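Take a look at the structure set out below.
The values are calculated or read from the model by the stated rules, or taken from the named source; none is laboratory data. Remember, it's a predicted structure, so these values are computed and weren't measured experimentally. No Cβ is skipped: glycine too gets one built from the backbone with ideal geometry, and neighbour counts run over all protein chains shown. Keep in mind that these areas ignore ligands, DNA and RNA; they rest on the heavy atoms of the full protein, side chains included. Shrake-Rupley method; radii C 1.70, N 1.55, O 1.52, S 1.80 Å.
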Amino acid sequence: MKKLVSLLLALALVLSCMSFAAASGEPVQIRMAWQGISENDTMDPISGIVTKGSGEFEALIESKIPNVDVEIVPVSGDAWIQTMEVLCTSGEVDMGWYTNQVLAAEWFYDSRELMANDPVFTEEYFEETFTPVAKQYTRYHTYDYPQYTDAIIGLPYDMGSYWYLYDKTLFEQWGVEMPAQEDLTFEKLLELAQACTGTNPVTGEQNYGCFIRPYWCEWVGVGFDMYKMIDDPEMDIMKFDMATNVDYILDSPEVLRYFTILQGLIECCPPGAASNSGWENFMTEDNNIAIMLDCSHTGSILNYEYAGMTEITDRFIPFLPLTGEMGMTGFPEVHHVAICKNVDPAKLDTCWEISKLIATDVDIQNWLFQNYSFTGVTALMDTTGIEKMSDEFYALRYQDRMEHSLITDDYWYWREPINAMLSTFFAGGMTPEQAREQLHADVTKWVQNKQAQMQ
């Protein structure tokens, strides 16, 4: 029955798109800034697979909504936040892409305003359609802009879903066995890394037990249960509970455990890992790193999988980030499309139809997962028609995001402070005990500064 209702709602959505377009004259021109999409087709040098350029994406959208002329404006990953802000606030584009950015509420429309006048895509439909984590990070909750609390900024189309890799060959050469995912702890992970660090007993080459760097390292802490989850309907920083949410850090065994194990993992890394060097031979026959704990270097295993290069996929084995007793792990990243606040009012309805289409249409979703959202999984509750769900690892990652995503109303109050100190910690500038004290001091300062700004 639920699928029938969803089908009828989807049909109504398509019909409304067609009716709207039919009532229009000339095609409505919509420019949409999107991070990571290239204008031209590109060929992966590893697999030989061609990734389609933005032109095919534009054509697919236009085939679904007649009388619309869509132009994708590619945005590079470097300084994408600043670029997107300029494009979206200057009127150069009508729509934009974003991930979990605190500034999004300043750039984009609150979709609740559009849902209020939509007979199909209501706020209730939003709640029924998307996964819990996708809804959590589309509904706005942050101490930076409490005035936007509960706003629905754009619509989600996927959830980031990342993984680690270990080198089965190196493990075998060292006589080390990887335990099952459910038996893997951070202590065991450190033990494995230490066991594979040194002169390889078979090849005589120097091996490093792991590779990790400050980038996204704060999210490893989620699996240590070292952060408090915020549930604050008002998002009033003046009422922030310092004792519960901050002062616990001073004597937290979870925080100390995180920094202690992280210190051990850093000692198993190649020189220069903190500045993202020393990993270059990973996923090659000359690899010398046993465990890759930097998710930015694991996604390309999919290219080898698509190419059927079993000499790589049989050697480098994926496993998911670890969870703690709270059952949460990883970066709760959700990708969205949204309508710019200063869009021409005459284009608003068209932009809304495009937003709904990208977020819910299975053809659009399949195109994105085939060409760009390699490390993402659908944000839809109903995965019927999502072709990648037939892939065992994709389905596993989707279920992982359904069961183990971080759900909190604000993480910036600890994320910004720990990011600022991780480089010093990686450089050996403080002990785990000192790092815990520093984190407490920096989080305290963050909250106090925010409170001062709100007075």
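Where in region 375-455 are there helices (runs of 4 or more DSSP H), lying fully within it, with 3 or more residues that are under 23 Å from His335 (Cβ atoms) and at pLDDT 95 or above? Even if it seems obvious, please write down each step before you answer.
Values: elements: 392-404, 412-426, 432-454.
The helices (runs of 4 or more DSSP H) meeting that bar are 392-404, 412-426.
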Does at least one position in region 197-208 carry a residue that is open to solvent by 10 Å² or more (accessible area, probe 1.4 Å) and within 30 Å of Met381 (Cα to Cα)? no
Anything in region 246-295 that is crowded, with 18+ Cβ neighbours inside 10 Å and aromatic (Phe, Trp, Tyr)? List them, or say none. Tyr258, Phe259, Trp279, Phe282
Options Lys388, Lys356: the member that is farther than 30 Å from Ala151 by Cβ and of a type in the set (Lys, Arg): Lys388
Taking only pairs six or more apart or across chains, which ones have beta-carbon atoms under 9 Å, a first residue in region 73-85 that is within 18 Å of Val337 (Cβ to Cβ), and a second residue that is of a type in the set (Asp, Glu)? Val73/Glu92; Pro74/Glu39; Glu85/Glu106
Exactly one of Lys188, Lys228, Lys239 is free of Cβ contacts under 8 Å to residues at least 12 places away in the same chain and more than 28 Å from Glu280 (Cβ to Cβ), and that residue is Lys239
Determine the pairs where a residue that is farther than 22 Å from Gln147 by Cα and in a helix (DSSP H, G or I), located within region 87-105, has a partner that is open to solvent by 10 Å² or more (accessible area, probe 1.4 Å) and of a type outside the set (Asp, Glu) with Cβ atoms under 8 Å apart, the partner being 6 or more residues away or on another chain. Leu87/Val73
Does at least one position in region 70-81 carry a residue that is of a type outside the set (Asp, Glu), buried (at least 22 other Cβ atoms within 10 Å of the Cβ) and farther than 19 Å from Ser373 by Cα? yes
I'd like the residue in region 35-63 that is surrounded by 13 or more Cβ atoms within 10 Å (Cβ to Cβ) and among the hydroxyl-bearing types (Ser, Thr, Tyr) and, out of all such residues, is modelled with the highest pLDDT. Ser54
Would you check which residues across region 325-357 are part of a strand (DSSP E or B), under 30 Å from Lys228 (Cβ atoms) and open to solvent by less than 10 Å² (accessible area, probe 1.4 Å) and list them? Val334, His336, Ala338
What's the total number of residues in region 358-374 that are open to solvent by less than 30 Å² (accessible area, probe 1.4 Å) and not in a helix (DSSP H, G or I)? 2
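If you check Glu280 against the conditions, is it in contact (Cβ under 8 Å) with a residue 24 or more places away in the chain and of a type in the set (Asp, Glu)? Lay out the reasoning, then the answer.
Numbers: in contact (Cβ under 8 Å) with a residue 24 or more places away in the chain: no; of a type in the set (Asp, Glu): yes.
Against the criterion (in contact (Cβ under 8 Å) with a residue 24 or more places away in the chain and of a type in the set (Asp, Glu)), Glu280 does not qualify.
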